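Quick notes on the structure that follows.
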Amino acid sequence: MSALRWTYLALALAGAAVPMWHLVPWIVRNGLSVDGLIAAWTQNAAATGLFWDLVISAVALSVWILAEVSIRRNWRALWAIPATFLIGVSCGLPLYLFLRSRPI
């Protein structure tokens, strides 16, 4: 495996670990409350702007993944879509690049 693929994999793992490092303690304190998460994400203009920035980025990444998978037939790359929406763009994008860069 190339150094570039190792880098993508390391970034995907970091992109999963760092957000969870902050989210898990919040969930322990507040419970798994979707309403609470939305309230936190829209607490002020800066948080709301960041929230929408990430939502739009996640949708754009998903469209790109679907477009490329339909052409390249690299079905494993579809794993990046749930990673993007369940963990975040910081995990989904490098995971997709890791899966996309494998020899076909």
Response to the item:
One finds, for residue 44 and residue 86 with R0 = 22 angstrom and r their Cβ-Cβ distance, a FRET efficiency to the nearest 0.05 of 0.30
Item to complete: Take the eigenvalues of the Cα gyration tensor for the chain, scale each by 5, and report the square roots as semi-axes in whole Å, largest first.
Response: 28, 16, 11
Worksheet item: When ranked by the protection proxy of mean other Cβ atoms within 10 Å per residue, highest first, what sequence do the peptides 23-32, 83-92 form?
Response: 83-92, 23-32
Response to the item:
Only helices counted: for the chain, with every DSSP H run of 4 or more residues adding -39500 (n - 2.57) and the sum spread over all residues, [θ] at 222 nm is -26500 deg cm²/dmol
Worksheet item: So how tilted is helix 45-72 from the main axis of the chain? Cα-based, degrees 0 to 90, rounded to 10.
Response: 20 degrees
Worksheet item: Could you state the number of Å between the C-alpha centres of segment 1-23 and segment 43-78?
Response: 17 Å
Fill in: segment 3-100: relative contact order as a whole-number percent, Cα under 8 Å and 6+ apart
44 percent
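Bear in mind these aren't lab numbers, they're just calculated from the coordinates by the rules spelled out. These numbers come from a predicted model, not from an experiment. Here the Cβ is made from the backbone with ideal geometry for all residues, glycine too, and neighbour counts use every protein chain on show.
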